[in-house]
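Visitor: Dropping the structure in here first, questions after.
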Protein chains: 2
Amino acid sequence: MTETVESPTRWLDAEQQRIWRTYLLGAARISEVLDADLRTHGLDLAEYEILVTLSEAEDRRLRMAELAEAVHQSRSRLTHTVTRMERRGLVERESCPDDRRGVWAHLTEAGMGLLRRSAPSHVESVRRVFVEAVGPEDFRAVGRAFERVLAAGRESAD
Amino acid sequence: MTETVESPTRWLDAEQQRIWRTYLLGAARISEVLDADLRTHGLDLAEYEILVTLSEAEDRRLRMAELAEAVHQSRSRLTHTVTRMERRGLVERESCPDDRRGVWAHLTEAGMGLLRRSAPSHVESVRRVFVEAVGPEDFRAVGRAFERVLAAGRESAD
DNA sequence: TCCAACTGATTGAAGTTTCAACAACACCAT
DNA sequence: ATGGTGTTGTTGAAACTTCAATCAGTTGGA
């Protein structure tokens, strides 16, 4: 018979807890600022990322599934979001010839134009609220830290 | 006549861009993991934070506005969230005697119980996906970094 | 006292995301 | 070729958040 012993919870110590909460608040603040900035162009961060990702893709188009992956949205959410963006003329759907299930999301000229107009102030906000607030040293450490978070995720998903 | 000279956009260099995107993806991954974990208890991160915040408050209760501030939610959102949590018996509203506009959100025994049950695996998730994935050195740097983000926000809000 | 301005919290509608179910298609072994 | 299995993307309803309007109560000045 197997005896089940409940392993005691390893709580976070005071410093870890403080850092964790600081992270939560800081991250919230960052997206607040960026959202406020993008809202002046009628965009939110998720939509902006879609525009950026498409603008860098070959022929400015990507399959829905690839796009969803790249911007970290569920497919369902992306379907709805793209539908709205399509209504505004920012992207358009094209069926792709080689896989008839597939759909391309294609960045329109209007979408590209909006991206170009909104990018400068967005980048400025990222700089102000994050890059320059933090300073080069710790900024690079943040890069390493989140790289590890992602790497740990990839490892455990094998 | 004032001549308006458009200052050229200072784009992010390649490394800054890479770090920024790594951060966005990593942050998304963190909340994904935490949400998945809390969902097994029927909670999301926002609700969990409400439970924690109330559990630490005097008499396990807080005015709606204070609570909203502490968990970084709009008042309206908090009203709706607390209404749902009240339906589930996790918190209850009490009118406070000294300011008759005011409402206390009070953590119930049931709410406290759910917090106690969900805390261990939540903490374990935070450890796994963040604290231990990152390592002590960079973890502290993250603490400094986001502390600066918050400090910069406070300064510009004066 | 009375009024104007402000604060605390809620409301309901509109907008967005999530969730489960589904339809169409591709892939593959038989 | 056929049927099972997995994939792609969509759909509609439910759940949640946002937004503007609103109500009730407080505060301070005339």
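Visitor: Divide, for chain A, the radius of gyration over alpha carbons by 2.2 N^0.38 Å, where N is the residue count.
Guide: Working: Rg = 20.2 Å, N = 158, 2.2 N^0.38 = 15.1 Å.
Normalised by 2.2 N^0.38 Å, the Cα Rg of chain A equals 1.34.
Visitor: Further question: With the convex hull built on the Cα atoms of the range A:26-103, state its orientation-averaged projected area in nm². Could you put the intermediate results ahead of the total?
Guide: On the way: hull surface 22.8 nm².
Mean orientational projected area (the range A:26-103, Cα hull): 5.7 nm².
Visitor: Ignore the peptide's own chain and count Cβ atoms of other chains within 10 Å of each Cβ in A:149-156; give me the average, rounded. Could the numbers behind the result be given before it?
Guide: Details: counts 13, 7, 2, 9, 8, 1, 1, 4.
Counting Cβ atoms of other protein chains within 10 Å of each residue's Cβ and averaging gives 6.
Visitor: Averaged across B:125-136, how many Cβ atoms of other chains sit within 10 Å of each residue's Cβ atom? Walk me through the numbers on the way to the answer.
Guide: On the way: counts 0, 5, 6, 2, 4, 9, 4, 2, 11, 10, 3, 2.
If you average over the peptide's residues, the count of other-chain Cβ atoms is 5.
Visitor: Among residues other than residue B:36 whose Cβ falls under 13 Å from its Cβ, what is the net charge (Lys/Arg +1, Asp/Glu -1)? Each step should come with its number before you reach the end.
Guide: Numbers: positive: B:29, B:39, B:128; negative: B:32, B:35, B:37, B:44, B:124.
Computed value for this residue: -2.
Visitor: Consider just the alpha-carbon atoms of the range B:61-119 and return their Rg together with their Dmax, both in angstrom.
Guide: 11.5, 35
Visitor: Going highest first, how would you order A:93-100, B:118-125 by mean Cβ packing within 10 Å? Provide the component values of the computation, followed by the final result.
Guide: Details: A:93-100: 10.2, B:118-125: 17.1.
Highest to lowest by the protection proxy: B:118-125, A:93-100.
Visitor: Positive end of the dipole of the protein assembly as shown, charges at C-beta (+1 Lys, Arg; -1 Asp, Glu), about the Cα centre: which of A:90, A:20, B:112 has its Cα farthest in that direction?
Guide: Ranked along the dipole, the leading option is A:90.
Visitor: Here's something else I'd like to know. Which of B:53, B:22, B:83 moves most in a GNM of chain B, Cα contacts under 10 Å?
Guide: B:22
Visitor: Another question about this same structure. What is the distance in Å between the Cα centroid of the range B:68-135 and that of the range A:62-83?
Guide: Value for the Cα centre distance between the two parts: 31 Å.
Visitor: List the DSSP H helices in chain B whose Cα atoms stretch 15 Å or more along the helix axis and whose mean Kyte-Doolittle hydropathy is at least 0.0.
Guide: Values: long enough: B:14-39 (37 Å, -0.29); B:45-56 (17 Å, 0.72); B:75-87 (18 Å, -1.36); B:109-126 (25 Å, -0.14); B:136-156 (30 Å, -0.49).
Helices meeting the criterion: B:45-56.
Visitor: Can you give the % of DSSP beta bridges in the range B:16-158 that are antiparallel, to the nearest 5? Provide the component values of the computation, followed by the final result.
Guide: Working: 8 of 8 bridges.
If I count the DSSP bridges inside the range B:16-158, around 100 percent turn out antiparallel.
Visitor: Same structure again: For B:14-22, what's the mean count of beta carbons from other chains sitting within 10 Å of each residue's beta carbon?
Guide: Values: counts 0, 4, 9, 2, 2, 12, 9, 4, 9.
Across B:14-22, the average partner-chain Cβ count within 10 Å equals 6.
Visitor: Short version: ³J(HN,Hα) in whole Hz for each residue of the range A:88-100, in order, from phi by Karplus 6.51 cos²θ - 1.76 cosθ + 1.60 (θ = phi - 60°), x for Gly and Pro, what are they?
Guide: 8, x, 7, 9, 9, 8, 9, 7, 9, x, 7, 10, 6
Readers should treat all values here as calculations from the given coordinates under stated rules, not as data from a laboratory. In this text, all values refer to a predicted model and were calculated from it rather than measured experimentally. FYI the Cβ positions are ideal-geometry reconstructions off the backbone, even for glycines, and counts take in every protein chain you see.
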